[in-house]
Amino acid sequence: MKTENFKTELIRITDPDASAFDLECAASILRAGGLVVFPTETVYGLGGDATAAGAAQKIYAAKGRPSNNPLIIHIAEPADAERYAVTNELYYKLAHAFMPGPLTVILPKRPTIPHEVTGGLDTVAVRCPSHPVARALIARFGLPIAAPSANISGRPSPTSVEYCISDLDGKVDMIIDGGECDIGIESTIVMIKDHGVVLLRPGAVTYDALCCVCESVELSAAAAGVTAENERPIAPGMMYRHYAPTSAFVLLDGDESAFLPYIAARRAAGERCAVICSIEEARQLGEQETIIYGGPHDLAQQAHRLFSALREADALGCSVIYARKPPTDGLGLALYNRMIRAASHTVIKI
Ligand code: TXA
Ligand code: MG
């Protein structure tokens, strides 16, 4: 729902040191309670003043997101968390190991963060991104920026500015183009529990990496991609159908020797299907309606491409999109978590 007379300004920032004027314009929009889409190393964020209830309400409205699904606050330095959350020793251990970078830590909130930002919860999700444009914007603004991923609720998170424009043009004051996001999937989210953490959403900071810093790492059902009956997810966002393309998306559980004949048989039977696969697999399947998302074992490249591959596959208008179920160790767990939710848990063993 694009509003008449509401114009979104699009600017490009590659070098924050050379863009003081543009960053000041963006910061002044945030100070006035407006919304700015900005790049991070994970995905683009839809930002507003994290200390203002009104800005949070605007974010929920622009994104079409239920207001009980809390937002992450983005800070410029790990120690800035003090003013907004109750930190502890483990927070600083995690910060030392992984910040700035793709890790979000859930902590008890202080009154400086309104309940509108945290979806009514007494905890707040804190993240210190490493992207130079994000850091420069937060530093210039001087307060934390509340930002969910800059997509319309339910769509894949945007990893390049084109997707932010197609989802949010006319609904936000400014979009900052900072190029493609490096990582391509959202941050790892943990909640501190005693001397360990509960992993709520897997990301580029992997389970194994967390184990090197924490005494214990508990994998929540939502992070593992399991639908546990009767379990209410601790991260409210994990309840919602997510990243879902319009075409049906189906994960195929089997190796390459079963995958290629399966697709060939579906196509021979007249099914118009799109396939998200590795370069090697694409070579054997042929170019048509085949979206390449990375080398066969290059999980970082697959993560980098996953959300745009989903959007590209969807744009083909096929009745179904197939992809092979990724491994569930290392970065594979983060990929699997996004794919199983995009597929609404539809997996076919082949
Ligand atoms: O990489 C990222 O984390 C990106 C970039 C923009 O920073 N942001 C992002 O935000 O993915 P969003 O809103 O799309 O996802 C945040 C998730 C949601 O599932 C939300 O429910 C959960 O974090 N969350 C936020 N605050 C929480 C809290 N206090 N307790 C539990 N879960 C929380
Ligand atoms: Mg999101």
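What follows is calculated from the coordinates using simple rules that are stated; it is not laboratory data. Fair warning: this is a prediction, and the values are worked out from it, not measured in the lab. So basically every Cβ, Gly included, is an ideal-geometry build from the backbone, and we count neighbours across all protein chains shown.
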Over the chain, what is the percentage of antiparallel beta bridges among all DSSP beta bridges, to the nearest 5? 40
For the range 1-129 (alpha-carbon point model, no solvent) the Debye-based log₁₀ I(q)/I(0) at q = 0.09 Å⁻¹ works out to -0.28
Under Stokes-Einstein, with the Kirkwood radius over Cα pairs standing in for Rh, what whole-number D in µm²/s applies to the range 76-187 at 20 °C and 1.002 mPa s? 140
So, by mean Cβ neighbours within 10 angstrom, what's the order for 131-140, 183-192 with the highest one leading? 183-192, 131-140
Which of the peptides 25-37, 145-157 is most tightly packed, and how do the rest follow, going by the mean number of other Cβ atoms within 10 Å of each residue? 145-157, 25-37
List every residue whose amide H lies under 5 Å from the amide H of ASP177, counting only residues 5 or more places away in sequence or on a different chain, with H placed 1.01 Å from N in the peptide plane. ILE11, ARG12, ILE13
So how tilted is helix 299-315 from the main axis of the chain? Cα-based, degrees 0 to 90, rounded to 10. 80
So which residue, out of ASP122, ASP173, ASP194, gets the largest mean-square fluctuation from a GNM of the chain using Cα contacts under 10 Å as springs? ASP194
Given LYS109/LYS193; LYS58/LYS325; LYS109/LYS171; LYS63/LYS109, which pairs have Cα atoms separated by over 26 Å? LYS58/LYS325; LYS109/LYS171
Please report how far the C-alpha centroid of the range 181-205 lies from that of the range 50-83, rounded to the nearest whole angstrom. 18
Efficiency of FRET from Cβ geometry, LEU316 and ALA97, R₀ 51 Å, rounded to 0.05: 0.80
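Under 14 Å from the Cβ of GLU215, count the other residues' Cβ atoms, weight Lys and Arg +1, Asp and Glu -1, and hand me the total. Don't jump to the answer; show the numbers that get you there.
Values: positive: LYS93, LYS193; negative: GLU89, ASP194, GLU218.
Spelling it out: positives minus negatives among the neighbours equals -1.
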Kirkwood Rh, Cα Rg: Rg to Rh for the chain? 0.97
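Stretched out fully, how many nm does the piece from GLU256 to GLU77 gain, at 0.36 nm a residue minus the Cα gap?
Residue separation times 0.36 nm, minus the Cα-Cα distance, leaves 60.0 nm.
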Only helices counted: for the chain, with every DSSP H run of 4 or more residues adding -39500 (n - 2.57) and the sum spread over all residues, [θ] at 222 nm is -9000 deg cm²/dmol
Which angle between 0 and 90 degrees, to the nearest 10, do you get for helix 256-268 versus the longest principal axis of the chain when only C-alpha atoms count? 70
Which three lengths, in whole Å and largest first, does the range 248-350 cover when its Cα atoms are put on their principal axes? 36, 24, 23
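Could you tell me the calculated FRET efficiency between ALA61 and THR346, based on Cβ-Cβ distance and R0 = 45 angstrom, to the nearest 0.05?
0.90
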Gain upon complete extension [PHE6, THR112; 0.36 nm per residue less C-alpha separation]: 35.1 nm
Additional length obtainable on full extension of the chain from ALA248 to ARG283, 0.36 nm per residue less Cα span: 10.2 nm
FRET efficiency estimate (nearest 0.05) - Cβ-Cβ, SER216 to ASP298, R0 35 angstrom: 0.70
